[in-house]
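The values are calculated or read from the model by the stated rules, or taken from the named source; none is laboratory data. These numbers come from a predicted model, not from an experiment. Don't worry about glycine lacking a Cβ; one is built from the backbone with ideal geometry, like all the others, and counts go over all protein chains shown.
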Amino acid sequence: MIEYLIAMLAVLLGIYAVAFKDNLIKKVMGLSIMSNGIHLFLISIGYRTGGTIPILKDMDIASFAQLAVDPLPQAFVLTSIVINLSITAVALSIIILVYRQFGTLDASKIRELRG
Amino acid sequence: MIYGFYAVGVFLASAFLTGLVSIKSDKYVPHIPIAASLVAVLLTAITLPRVFFWGAVRMQMEEWVAPIGISIVADTLSVTLALITTIIAFLVLLFSYRYISRNSAKYYSLLSLMFAGVLGILYTGDIFNMFVFFEVLSVSSYGLVAFYRNRVSLEAGIKYLIMGSVATSMLLLGVAMLYGVAGTVNMADLALKLPSIGGIVPAVALALIMAGIALKAGIFPFHAWIADAYEGAPSPVSAALSGIGIKAGVYAMLRVVFIVFNAPAVVLDILLVFGVASMLIGALLALGQDNLKRMLAYSSVSQIGYIFMAIGLGTALGTAAGLLHIVNHMIIKSLLFLSAGTVLWKAKSTNMKEIANTVRTTPLMTYSFLFGVLALAGIPLFNGFVSKWLIYVASFEKMPLLTVIALVTSAITLAYGLKAFYAVFLSNEKAGTKVVMPLSMKIPLVVLIVLVIVLGVVPQIGIWLAEMMSGSLDLSLYTGVVLG
């Protein structure tokens, strides 16, 4: 149960950082914290206390199904980590260009589009 | 065997190859994605008759059986949208041939990735894969919005990136919750298992997924990024984002609401309310704009509102009307953004008055924008009329007040469309440089005008398409195809 609480806390913390921090780097950090919270949530779904790695070896199918943790969330998390890496890379490169153009990282000062 | 799905691979290969070829020289870079999109059109066109005349098909990745392996499903809805997506992809790439002169390798690579993402969303039968393809679509469009690297596009890019990432994270959280309670991510399997699972978790998951997809579709409370992104992006990218990108969001919303959750009445009512709100608010915001691309962007919000209103009615006619309006709006909005693009090509500003002072238009540009505006407002003999008429009839059966709101919104649409038309295209007789359009820009406009007029003059095509497409939102048919 505690892992679900920590995961949800991380998601909320991330959303707070994205919504209320003015610095763009802190917003991107918030995005990372939020998605890591979701990853923790996914891993916790498949977790089983005292379980083994989900590789079928020296074991019959029935006891394997009893013991092994769910491998699917782990595959989801791996996919999601790769996606988050690319988002963070794109975000940071746009932020570098933003800093060159505007001379600031303060999101409240980068406001020219309106209406 | 679903040949249309291989179009995803074709676009992925094109994204890779454009980068590879550009190491040597940028000269042949545009030819690769244009050829790839032609192949994609061909592959989808082979799949279409198979699906239309012999029913939907399902394919399994790597021979794993249905609920366990990844399903690829082609039914009438997905294959129709895929055909129009690939055609518009080809036209947009052709239009970009002369439009984009610098950094073309990055541009074509990202645009190919975006098309791959959209086609993936259309064909996948697996909700986690849908999330992955949404990310492919999103990451490439963040890059494309910021492509010009000036103040406007960078600000729009970072704004879109932050909002879009929060939205896709919400989508992932919803998918994770569904997997936690149902133990599957196959949409047909989820649809069968969810009714027996009580409790609050599926409802929370649905809310999270809907909020995530709604931002991608640009419905009213989540529309803030649309105007910025379309203004910052190059015009062909705005056409692709508006014609294809946000329609992927609409399609995903339909799949989740109608297939996975079997269209609960309260959710349809929510779609109806937000649809009406974004229809009216989008049109009013567009009316107040003096910036051409922002006006077209808010008009997209308004038209997406029409689609969700029609689908939220919950009647068979309403669903068919909404689905047909997706198809029509894809064509109309691509035409409008591309004809706006021909003007913006030489103009330095996106403000309507300043454009009129710097650019002198040609008849083809003028007529393409005029036809786009008339079709958008739902004037008879243009394709927008067919779907809008169906929407009026469907809403009149359920609640006449909605018909009145829809008609008023159509009048506002005509007002802002004609305002832009007069400001940009009719008030620039004397001043400015004359734009000489190359053939690669004329062909996309002509093809789209022909589509707008043919679908409007022969409404039977549209009505037949709508009937065929609404069949694929039937839950028992879908689960039968995927699991049977």
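Has segment B:360-367 got at least one residue that is of a type in the set (A, V, I, L, M, F, W, C) and either free of Cβ contacts under 8 Å to residues at least 60 places away in the same chain or surrounded by fewer than 20 Cβ atoms within 10 Å (Cβ to Cβ) (or both)? Yes, the conditions are met somewhere in segment B:360-367. Hey, B:Ile270 hits all of (1) part of a helix (DSSP H, G or I); (2) touching a residue at least 40 places away in the same chain (Cβ under 8 Å); (3) farther than 30 Å from B:Val482 by Cβ but one; which does it fall short on? Result: B:Ile270 fails condition (3) only. Count of segment B:148-193 residues, restricted to those that are assigned to a loop (DSSP other than H, G, I, E, B) and among the polar types (S, T, N, Q), is 2. Looking at the structure I just gave you, is B:Lys442 basic (Lys, Arg) and crowded, with 24+ Cβ neighbours inside 10 Å? No, not satisfied.
Scanning segment B:9-31 for residues being modelled with pLDDT under 95 and in contact with a Phe, Trp or Tyr (Cβ under 7 Å, 6 or more places away or on another chain) gives a total of 4.
Scanning segment B:20-36 for residues being in a helix (DSSP H, G or I) and surrounded by fewer than 16 Cβ atoms within 10 Å (Cβ to Cβ) gives a total of 3. Within segment A:1-47, being more than 8 Å from every other protein chain (Cβ to nearest Cβ), small (Gly, Ala, Ser) and under 20 Å from B:Gly157 (Cβ atoms) holds for A:Ala17, A:Ala19, A:Gly30, A:Ser32.
From the list A:Lys27, A:Lys57, the one residue that fits, being crowded, with 19+ Cβ neighbours inside 10 Å and farther than 26 Å from B:Val181 by Cβ, is A:Lys27.
Within segment B:229-248, the only residue that satisfies the criterion of being surrounded by fewer than 24 Cβ atoms within 10 Å (Cβ to Cβ) and either modelled with pLDDT of 95 or more or within 14 Å of chain A (Cβ to nearest Cβ) (or both) is B:Glu231.
Here B:Gly282 clears all of (1) of a type in the set (Gly, Ala, Ser); (2) within 14 Å of chain A (Cβ to nearest Cβ); (3) out of contact with any His (no Cβ under 8 Å at 6 or more places or on another chain) except the condition numbered (3).
Residues are listed down the side, and each one gets a yes or a no for (1) in contact with a helix residue (DSSP H, G or I) (Cβ under 9 Å, 6 or more places away or on another chain); (2) surrounded by fewer than 17 Cβ atoms within 10 Å (Cβ to Cβ):
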residue	(1), (2)
A:Ala68	no, no
A:Leu72	yes, no
A:Phe76	yes, no
A:Ile81	yes, yes
A:Leu85	no, yes
A:Val90	yes, no
A:Ile94	yes, no
A:Gln101	yes, yes
A:Ser108	no, yes
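Residue pairs whose Cβ atoms lie under 7 Å apart, separated by 6 or more positions or on different chains, with the first residue in segment B:431-459 and under 23 Å from B:Met330 (Cα atoms) and the second outside any helix (DSSP H, G or I), are B:Val452/B:Phe382; B:Ile453/B:Phe382; B:Gly456/B:Leu381; B:Gly456/B:Phe382; B:Val457/B:Leu381. Looking across A:Leu72, A:Leu67, A:Leu78, one residue alone is within 14 Å of chain B (Cβ to nearest Cβ) and over 19 Å from A:Ala10 (Cα atoms). It is A:Leu72.
One line per residue, one yes/no per condition, for (1) of a type in the set (A, V, I, L, M, F, W, C); (2) under 21 Å from B:Met163 (Cα atoms):
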position: A:Ile33; (1), (2): yes, yes
position: A:Asn36; (1), (2): no, yes
position: A:Ile43; (1), (2): yes, no
position: A:Asp58; (1), (2): no, no
position: A:Ser80; (1), (2): no, yes
position: A:Leu97; (1), (2): yes, yes
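Table: residues versus (1) part of a helix (DSSP H, G or I); (2) at negative phi; (3) within 14 Å of another protein chain (Cβ to nearest Cβ); (4) of a type outside the set (S, T, N, Q).
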| site | (1), (2), (3), (4) |
| --- | --- |
| B:Glu62 | yes, no, yes, yes |
| B:Pro67 | no, yes, yes, yes |
| B:Ala82 | yes, yes, no, yes |
| B:Thr86 | yes, yes, no, no |
| B:Val92 | yes, yes, no, yes |
| B:Arg98 | yes, yes, no, yes |
| B:Ser101 | no, yes, no, no |
| B:Gly117 | yes, yes, yes, yes |
| B:Ile121 | yes, yes, no, yes |
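Looking only at residues in segment B:154-191 that are of a type in the set (S, T, N, Q) and buried (at least 24 other Cβ atoms within 10 Å of the Cβ), the one that is farthest from the other protein chains (Cβ to nearest Cβ) is B:Asn186. If you go through segment A:50-63 one residue at a time, do you hit one that is more than 16 Å from the chain's Cα centre (by Cα) and either within 10 Å of another protein chain (Cβ to nearest Cβ) or within 30 Å of B:Leu154 (Cβ to Cβ) (or both)? For segment A:50-63, residues more than 16 Å from the chain's Cα centre (by Cα) and either within 10 Å of another protein chain (Cβ to nearest Cβ) or within 30 Å of B:Leu154 (Cβ to Cβ) (or both): absent.
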